Amino acid sequence: MHVLSVVSEIYPLIKTGGLADVAGALPKALATQGVRVLSLVPGYPQVLAQLPHRKEVGRLEAVLGHTAVVTRAQTEGLDLLVLEVPELFDRAGGPYLDKHARDHPDNWLRFAVLSLAGARIGLGELPDLKIHLVHVHDWQAALLPVYLRYRYASTLPVVCTIHNLAFQGQFAFDIAPRLELPTSALDVDCLEYYGGIGFLKGGITCSDIVTTVSPTYAREILSAELGMGLDGVLQARRSALYGIVNGIDADVWNPAADPHIPMTYDARSLARRQQNRATLLDRFRLPDHGGPLFAALTRLTWQKGADMLPEAADEIVAHGGHLVICGQGDRAIEETLHICAERHHDRIGLHVGYSEDLAHLIVSGADILIQPSRFEPCGLTQLYAMRYGAIPLVGRTGGLSETIIDANEAAMAREVATGFQFHPVEPHSFREAVRRACEAYSDRDAWSGLQRQAMKADFSWERSAAQYAQLFEAVWTAWRQSTGGSAPAPADHA
Ligand code: ADP
Ligand code: GLC
């Protein structure tokens with residue numbers, strides 16, 4: 001089966017968060033299930049620079065007034081189509097923000113072009129590319145099924161995965177005429193959203209199947225509390241909504257063979273972590289006071305509870321611990337963290353920025369990884385931390401609640417605990433969890449047991465990829481039956 005995955009970021013070419021990790025790892029896992037994935041990504045400068053040997057496979061004319069050159073390249077087990085529209089994608093900054101951290105003002109157009117181009121490729125406009133199903137990720141690709149249904153009256157199967165409902169691609173209604181869609185697509189049953197245009201709303205409405213990245217989050221988004229205004233729309237698609245938990249790329253995140261860390265190790269050689277811990281403290285110029293080393297590796301946003309870090313920092317310091325923070329995001333939060341780090345200059349270290357290297361050093365050297373998310377569709381950092389024997393301490397929400405077994409008395413006695421959860425996600429319970437973790441840390445044997453248990457947890461992609469493959473297969477089979485078997489015959493992508 002041949003799937004076109006349409007996505008706005010993909011590891012290792014371009015990454016702002018977990019979406020890229022998933023988009024980069026899932027195709028490799030699906031390959032073992034007999035699903036071949038071709039990933040369509042925008043030609044950002046970071047992508048072009050890393051794919052010097054890409055070959056042109058065709059051109060798409062008149063994509064909302066733009067011409068797209070589509071090139072193809074293979075790297076790191078990925079088969080990629082690059083959508084080259086230099087005036088839209090080959091520019092300074094990140095995929096979504098300019099160099100002053102403001103949204104690119106034409107994001108609606110950039111990702112409408114990605115979606116429309118994806119739809120046309122799915123429909124076979126480029127030579128020798130047969131696609132049986134399209135997998136779209138997040139709002140940036142969510143217009144694709146809208147184009148298929150309303151512009152081409154096509155029933156080509158589409159699965160839409162929501163990685164984070166907080167980002168919906170909402171724009172003023174005045175872009176509507178420029179989307180080149182019939183007016184029927186613009187009404188309240190599809191794109192219209194509180195007087196504006198909602199890309200993700202359209203994707204949820206027009207896809208055959210909607211998935212999100214954990215079963216818990218799939219339930220949570222049906223509620224007014226976490227539905228972010230789309231709970232009604234999701235309720236209407238309830239029978240087509242699935243939660244499939246993310247996995248991790250066990251080659252990229254492997255403490256036994258990680259080129260980013262000073263000392264590799266596994267569950268039988270945990271003592272070797274000590275050197276990584278020392279290097280990590282050193283990197284932040286912190287003396288080792290002997291207490292636990294906490295770390296936060298996260299976007300510094302309200303979603304991630306980063307505003308609660310200063311209170312937790314006080315608690316950590318009060319218990320003789322240290323805290324290192326690596327992240328970027330909300331300027332006001334960055335500022336309060338700077339003040340906090342100055343206040344506890346020999347206990348708290350802060351790196352504002354994005355660093356792949358430091359990310360690996362953190363999970364390999366920290367004792368406890370804190371993630372006080374207010375909501376979390378899945379979360380990957382806690383999974384990486386567990387694999388590296390850094391114990392996660394998390395808010396009990398979304399994917400965090402189902403990937404970690406809380407170290408309560410019963411779980412410790414049965415030796416099944418893998419981390420600490422707190423609820424409600426508020427400063428006082430966060431502080432309480434910090435106290436619990438510090439107490440547990442002081443029992444070194446019990447702590448090593450917790451580490452080994454966390455490292456044993458299996459978050460490989462295998463099971464989840466099988467679930468995606470099953471869904472894809474079911475949707476494609478239903479489509480073949482409904483079209484009387486007129487599906488294109490499987491043919492090589494190449
Ligand atoms: P989200 O996608 O919501 O940010 P996830 O936990 O799914 O959350 O994924 C976050 C990804 O981004 C992980 O791979 C994590 O290691 C990485 N990450 C987050 N902040 C940084 C940072 N400052 N430097 C390097 N990697 C980071
Ligand atoms: C989003 C979510 C995160 C999830 C990631 C990958 O960024 O915030 O929880 O792990 O997507 O699916």
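Looking at Ile221, Ile261 in this structure, which one is crowded, with 22+ Cβ neighbours inside 10 Å and more than 30 Å from Phe173 (Cβ to Cβ)? Show your work before the answer.
Numbers: Ile221 fails: more than 30 Å from Phe173 (Cβ to Cβ).
Checking each option against the conditions leaves just Ile261.
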- request: Filter segment 317-342 down to the residues that are hydrophobic (A, V, I, L, M, F, W, C) and within 21 Å of Gly379 (Cβ to Cβ), then identify the one that is surrounded by the most Cβ atoms within 10 Å (Cβ to Cβ).
  value: Leu323
- request: Please give the number of the condition Tyr217 fails out of (1) closer than 20 Å to Tyr468 by Cα; (2) part of a helix (DSSP H, G or I); (3) away from ligand 1 (no atom under 14 Å from the Cβ); (4) touching a Cys at 6+ places or on another chain (Cβ under 8 Å).
  value: (3)
Single match in Leu281, Leu286, Leu323 (criterion: assigned to a strand (DSSP E or B) and either basic (Lys, Arg) or more than 9 Å from ligand 1 (Cβ to nearest atom) (or both)): Leu323
- prompt: Within the bounds of segment 414-423, is there any residue that is surrounded by 20 or more Cβ atoms within 10 Å (Cβ to Cβ), under 22 Å from Leu165 (Cβ atoms) and within 15 Å of ligand 2 (Cβ to nearest atom)?
  reply: no
field: Members of segment 342-381 that are among the charged types (D, E, K, R), over 19 Å from Gly290 (Cβ atoms) and either more than 16 Å from ligand 2 (Cβ to nearest atom) or free of Cβ contacts under 8 Å to residues at least 60 places away in the same chain (or both)
entry: Glu342, Arg343, Glu356, Asp357
query: Which of the residues belonging to segment 10-26 are more than 10 Å from ligand 1 (Cβ to nearest atom) and either charged (D, E, K, R) or surrounded by fewer than 23 Cβ atoms within 10 Å (Cβ to Cβ) (or both)?
result: Pro12, Ile14
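Name the residues in segment 448-466 that are out of contact with any strand residue (DSSP E or B) (no Cβ under 8 Å at 6 or more places or on another chain) and not charged (D, E, K, R), would you?
Filtering segment 448-466 for residues out of contact with any strand residue (DSSP E or B) (no Cβ under 8 Å at 6 or more places or on another chain) gives 448-449, 452-453, 455-458, 462-466.
Passing the criteria: Ser448, Gly449, Gln453, Met455, Ala457, Ser464, Ala465, Ala466.
Could you check segment 146-165 and list, in sequence order, the residues that are in contact with a strand residue (DSSP E or B) (Cβ under 8 Å, 6 or more places away or on another chain) and either closer than 14 Å to Val475 by Cα or within 16 Å of ligand 1 (Cβ to nearest atom) (or both)? Reasoning before the result, please.
Here is the first cut: in segment 146-165, the ones in contact with a strand residue (DSSP E or B) (Cβ under 8 Å, 6 or more places away or on another chain) are 148, 156-163, 165.
If the condition is that a residue be in contact with a strand residue (DSSP E or B) (Cβ under 8 Å, 6 or more places away or on another chain) and either closer than 14 Å to Val475 by Cα or within 16 Å of ligand 1 (Cβ to nearest atom) (or both), then Leu156, Pro157, Val158, Val159, Cys160, Thr161, Ile162, His163, Leu165 are the ones that fit.
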query: Residues that are away from ligand 2 (no atom under 16 Å from the Cβ) and without any contact (Cβ under 8 Å) to a residue 60 or more places away in the chain: which strands (runs of 3 or more DSSP E) entirely in segment 1-66 hold 2 or more of them?
result: 55-63
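A short reminder: the numbers here are calculations on the coordinates, not readings from a lab. Worth saying up front: this structure is predicted, and the values here are computed from it rather than measured. Note that each Cβ is placed from the backbone with ideal geometry, even for glycine, and that neighbours are counted across all protein chains shown.
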